[in-house]
Each structure stands twice: as structure tokens, then as C-alpha cells.
Amino acid sequence: MISLFKIYALFILAYLTCLTGYTQSTDTAKLQSLLTQTQNQEERLGIGAELLDTYYHQGNLSGGLQFGRTLLFQCDTNLYSINLSKVYNRMGTIYSTMGGFDDKALLYTAKGLQIAEGINWNQGLITGYNNLGNVYRDMGYYTQAHDYYMRTLEACEAAGDSIGKSYAYKNIGILYEQQQWNEKALEYHQMALAIRKRLGNKREVLSGLLNVGTAYNLLADYQHGLQYLEEAELLALELNSELISEVFLEKGNAYLKLKNYSKAIET
């Protein structure tokens, strides 16, 4: 089943593709050219991981899958490395974002994690645990998802990875929202936002403000929700962020619930 989160993710990828004019961009062409210039497996996997990221951010998911499958077919996947883990993980996120390929998303993400464990690559463990949590969450296996998010937090603590912790908190918040445990969801979204404000990355702060505002709306605490959404709107406009549409949607819903129809229309 395709979740609303997946649908929104696909919408954003399509929006970014139109906004930037990406199709087969110059970046993609350069990376493809570099790929033809080496037969060294590790170099090819490194370039391939970058290419997969580019396909993903372009929204060219089917192109990414076709490229990734070909790349892995040409490599010895028994030779574990950081770049091989990256390739498997990105393939997993592409399958997950497309929706309807839960088995493939699980297979590739688990393989990426297995490789990270085999070479003791901590950042790969963080990525793998988090992504597996997302896959299980989208499949409705909430206990398994929660377990992997907890592993993510442990790995982040060991590595001193604050931004990784914020993503884990955010994902736990989404997990609780899907189970309609909205008070717990708010708690974790607030923890994620606190880290992001401390680190000062405005785009991450914007996402956190939106998540907290949405969590308040789910609790029918629309006044508090609007405080966070107003702050999110200002930041989204400053950054020219695609999240502005979701901010407006949440603000409009809040004003409708408060029966402030003129504000709802303005939004």
C-alpha cells in the first residue's frame, strides 16, 4: 500500500524535477562519462553511488533502478565496501519511494546494512537502521520499525551524530502519528526540532517546525500549531522552499477547524 508520505515524496521529487529542469542533467552526463573511464570496481561503485543519488534527486526513479541493477550486475557484490553499501541503500530508498515494491525495498536496504555491519562502517549502520525502520513503517510493521529507529539512536549516540538523532526522532514521530499516538508523536517531533535549532540548518529547522505544527493540529491544539506554522511559513518563503505548499495546507486546515474562514481563504 502506498502511504500518503510516499505520495508526497513523489510529488516533491516531480516538483523539483520541473523546477530545476533536470532530465538527464549535465551532472549526470559528467558522472556517466567518468564511469566509462575506469574499470576499477571501487571507483565505479563510488561514481555509481553519486549517479544513483542524482537520479533520485532528479525524480528519475525508474532510470535510477535500471542503472543500479546494471551496475550491481557488473560488480562482484561479495567484495564488501562503503560504496557498495551506499549503492544498495540508495536502491532501497528508490524502491521505497516508488511504492508497491516493499519486498525489493526491504531486500536492498537489508543488504546495504549487512555490508555496513561486515565492514564496521558506523555511518552505514545509521543509514541502514534508519532506512529499514522506514521500510517496516511503510509496511505497517510498527514494532520492527520502532526497533530499528532505536538502533539508529544508539548508533548516533556512539558516533556523536546529532543530525542523525534528529532524523530518528522525526521518524519515530511519524511512526507514532501513523498509530494515532499523537501526544507521543509531538514529543518526538519537538526533540527533533530542538536539535535542528541548535545546529542551525534552516532547511532542517523548517521541516521540524512543520512537523511540530502538524502534530499540534492532530491533537486539535490549533492555536499552538499555528504558532509553529507561522514561523515555518516565514522560513519557507525566505528559503524559497517547496515545503511552503504543505505549510499553507496545514495552516488552512487549522483555520477551518477554528472556523476562521477568512484566514483559511487567505491561506
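Filter the stretch 213-267 down to residues that are in contact with a Phe, Trp or Tyr (Cβ under 7 Å, 6 or more places away or on another chain), part of a helix (DSSP H, G or I) and more than 22 Å from residue 180 (Cβ to Cβ), then give me how many there are.
Number of matching residues: 2.
Starting from the stretch 216-231, take each residue that is closer than 21 Å to residue 202 by Cα and list its partners that are part of a loop (DSSP other than H, G, I, E, B), counting only C-beta distances under 9 angstrom and pairs at least six apart or across chains.
Partner pairs satisfying both residue conditions: 225/219; 226/258.
Condition first: basic (Lys, Arg) and without any contact (Cβ under 8 Å) to a residue 40 or more places away in the chain. Now tell me which residues in the stretch 150-209 satisfy that.
Of the residues in the stretch 150-209, the ones basic (Lys, Arg) are 151, 165, 170, 184, 196-198, 202-203.
151, 165, 184, 196, 197, 198, 202, 203 - these are the residues of the stretch 150-209 that are basic (Lys, Arg) and without any contact (Cβ under 8 Å) to a residue 40 or more places away in the chain.
Output the number of the condition that residue 241 fails; it satisfies all remaining conditions of (1) buried (at least 21 other Cβ atoms within 10 Å of the Cβ); (2) of a type outside the set (A, V, I, L, M, F, W, C); (3) in contact (Cβ under 8 Å) with a residue 24 or more places away in the chain.
Among (1) buried (at least 21 other Cβ atoms within 10 Å of the Cβ); (2) of a type outside the set (A, V, I, L, M, F, W, C); (3) in contact (Cβ under 8 Å) with a residue 24 or more places away in the chain, the lone unmet condition for residue 241 is (1).
Just name the residue that is modelled with the highest pLDDT out of those in the stretch 3-54 that are outside any helix (DSSP H, G or I) and surrounded by 14 or more Cβ atoms within 10 Å (Cβ to Cβ).
At the first step, the residues of the stretch 3-54 found to be outside any helix (DSSP H, G or I) are 3, 21-25, 37-40.
Narrowing the set further to residues that are surrounded by 14 or more Cβ atoms within 10 Å (Cβ to Cβ) leaves 3, 22, 25.
Values: 3: 54, 22: 44, 25: 58.
So the residue we want is 25.
Just a yes or no: is a residue in the stretch 186-197 at pLDDT below 95 and either among the hydrophobic types (A, V, I, L, M, F, W, C) or touching a helix residue (DSSP H, G or I) at 6+ places or on another chain (Cβ under 7 Å) (or both)?
Of the residues in the stretch 186-197, the ones at pLDDT below 95 are none.
The answer is no, given that none of the residues of the stretch 186-197 is at pLDDT below 95 and either among the hydrophobic types (A, V, I, L, M, F, W, C) or touching a helix residue (DSSP H, G or I) at 6+ places or on another chain (Cβ under 7 Å) (or both).
Quick check on my filter: what residues within the stretch 120-149 are under 18 Å from residue 185 (Cβ atoms), exposed (fewer than 14 other Cβ atoms within 10 Å of the Cβ) and free of Cβ contacts under 8 Å to residues at least 24 places away in the same chain?
The one that is under 18 Å from residue 185 (Cβ atoms), exposed (fewer than 14 other Cβ atoms within 10 Å of the Cβ) and free of Cβ contacts under 8 Å to residues at least 24 places away in the same chain: 143.
Within the stretch 85-119, count every residue that is of a type in the set (A, V, I, L, M, F, W, C), surrounded by 24 or more Cβ atoms within 10 Å (Cβ to Cβ) and out of contact with any Gly (no Cβ under 8 Å at 6 or more places or on another chain).
0
Out of the residues in the stretch 202-212 meeting the condition of being surrounded by 15 or more Cβ atoms within 10 Å (Cβ to Cβ) and not aliphatic (A, V, I, L, M), tell me which one is nearest to residue 180 (Cα to Cα). Outline the logic, then answer.
We begin by selecting, within the stretch 202-212, every residue surrounded by 15 or more Cβ atoms within 10 Å (Cβ to Cβ); these are 204-212.
Retained after the next criterion (residues that are not aliphatic (A, V, I, L, M)): 204, 207-208, 211.
On the way: 204: 24, 207: 20, 208: 19, 211: 15 Å.
In this case the residue turns out to be 211.
Give the stretch 76-107 a look and list any residue that's assigned to a loop (DSSP other than H, G, I, E, B) and under 21 Å from residue 123 (Cβ atoms), or say none. Spell out the reasoning first.
To start, the set of residues in the stretch 76-107 that are assigned to a loop (DSSP other than H, G, I, E, B) comprises 76-81, 99-101.
Result: 77, 79, 80, 81.
The values are calculated or read from the model by the stated rules, or taken from the named source; none is laboratory data. Note that the structure is predicted; figures quoted are calculated from it, not measured. Counting neighbours? That spans all protein chains shown, and the Cβs are built from the backbone with ideal geometry, glycine included.
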